[in-house]
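Worksheet: one structure, shown below.
Computed from the coordinates by the stated procedures, all read-outs in this text should not be read as laboratory data. Keep in mind that this is a model prediction, so the values were computed, not measured. Using ideal geometry, Cβ is built from the backbone for each residue, glycine included, and neighbour counts are taken over all protein chains shown.
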């Protein structure tokens, strides 16, 4: 069960990294820019044990750092913190779509704000970016919408359970 | 189904990972992307490249289709405009061909070296996530790309500068990136520094001791000094008149001429400042680490 969850979370993480750097970097021209790696980290924390959830966040962040232009470790730090927040708050949300939407939006917002603040502290000038407010507001919205779409298949694959509540 | 949250001690793991992240960041920033972190990036790029290329085979046609649908209404008018522009450009190309032949002939007579800058056409392989304006191209060391090479679009508008290079790919920091700075010359000839703001709509411009104001529509071009970037490349357009204040012009009334978000193919100029490129200014020494002269990475 745990091995299955870890396997599928890593699969979704790799998929998210590839899609983030290809599909969603091109869709940015339509002002569509979710952070799907962040979303996978947030959602996976629901069905992973705490330690693997944190390691998944760290791994996802390092992967994006390695393929992008941010300092190595910046997104790793942000995603580790978001994974921790997700692990600590997962029991506080009821297992229904509205709750899922809210948690995905709030945790994504936390992630983007942390990224902007830490990026500025480490010389990336993120908070000085002209589009920072738009990015901070839109990424959580897109992540929330995507969470409603991908949460059910992710849960089914990671838990091998079709019974019970939707999420 | 939620797993038993009592298992494990996430706080200890969190502390360890946070410390690891800070160590990685410090190491990466201090080493300026070289050494061990460069090796990691090279490995990651090599691993991800086949996956990204395969994904793009599927993704690009879909995005192109969406792009076409989104712009359907304006395509007819755009087509007519492009036809008339094509006629004009053909006439200009014929004239330019004559001038080029004449120039070559004169250069041969005068025994002058050619001024053509070798270039490499590259495709954008991947972009960064949110709040990361950089992008990766599918040409690297193997194709002759080096750190500091300027990257332009099909109209010779400066898009950015190569910051890191790997065997088969390179990372480009765009002009609009918040860590980017390019020395430019205004329409009136004053020197200034163009600063990226992370916005595709605005850039910051600082001109110290300007002799003339800026006028709306002025094109800012690269100065060709100290940056490993040839002079004369178009970068940005002034949006409105700006008068000097306190002996300087500090404005954001400047827009980039191109948006890298829309770019798919780019041209890497294999430029290295020739000794005669900036005759009035002291040139930087040519570094021995394979970087273009006069370049600095943020």
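The packing ranking of peptides B:98-108, B:145-155, A:135-145, B:185-195, highest mean first, is B:145-155, A:135-145, B:185-195, B:98-108, where packing means the average number of other beta carbon atoms within 10 angstrom of each residue.
Centre-to-centre, using Cα atoms only, the range A:20-54 and the range B:20-65 are separated by 16 Å.
GNM on chain B, C-alpha springs below 10 Å: top fluctuator among B:30, B:225, B:139? Evaluated over chain B, the most mobile residue of the options is B:30. Between B:66, B:141, B:214, the Gaussian network model of chain B with springs among Cα atoms under 10 angstrom shows the greatest mean-square fluctuation at B:66. Against chain B, whose longest principal axis is taken from its Cα atoms, helix B:36-70 shows a tilt of about 70°. Its DSSP H runs of at least 4 residues, each contributing -39,500 (n - 2.57), put the calculated 222 nm mean residue ellipticity of chain B at -11500 deg cm²/dmol, to the nearest 500.
Once you keep just the Cα pairs under 8 angstrom separated by 6 or more residues, what percentage relative contact order results for chain B? Intermediate values should be presented prior to the final figure.
Details: 502 pairs, mean separation 45.8, N = 298.
This gives 15 percent for chain B.
Summarise the partner chain shielding of B:189-195 as one whole number: the mean count of Cβ atoms from other chains within 10 Å of each residue's Cβ.
Mean partner shielding for this stretch: 0.
Sorted into 20 angstrom bins from 0, the C-alpha pair distances of the protein assembly as shown split as 22, 51, 22, 4, 0 percent. Just to confirm my numbers, what's the Cα centroid distance between the range A:97-117 and the range B:98-152 in Å? Centre-to-centre distance over Cα atoms comes out at 42 Å. Estimated translational diffusion coefficient (Stokes-Einstein, Kirkwood radius over Cα pairs, 25 °C, 0.890 mPa s) of the range B:195-256: 202 µm² per second.
Comparing B:215, B:27, B:166 in a Gaussian network model of chain B where C-alpha atoms under 10 Å apart are linked, the largest mean-square fluctuation is found at B:27. Counting Cβ atoms of other protein chains within 10 Å of each residue's Cβ and taking the mean over peptide A:11-21 gives 4. Return the tail of the calculated pair distribution for the range A:2-158, meaning the percent of Cα-Cα pairs more than 18 Å apart. Tail of the P(r) past 18 Å holds 55 percent of the pairs.
Just tell me how shielded B:173-180 is by partners: mean number of partner chain Cβ atoms within 10 Å of each residue's Cβ, no decimals.
Numbers: counts 1, 1, 0, 3, 4, 11, 6, 1.
Taking all residues of B:173-180 together, the mean is 3.
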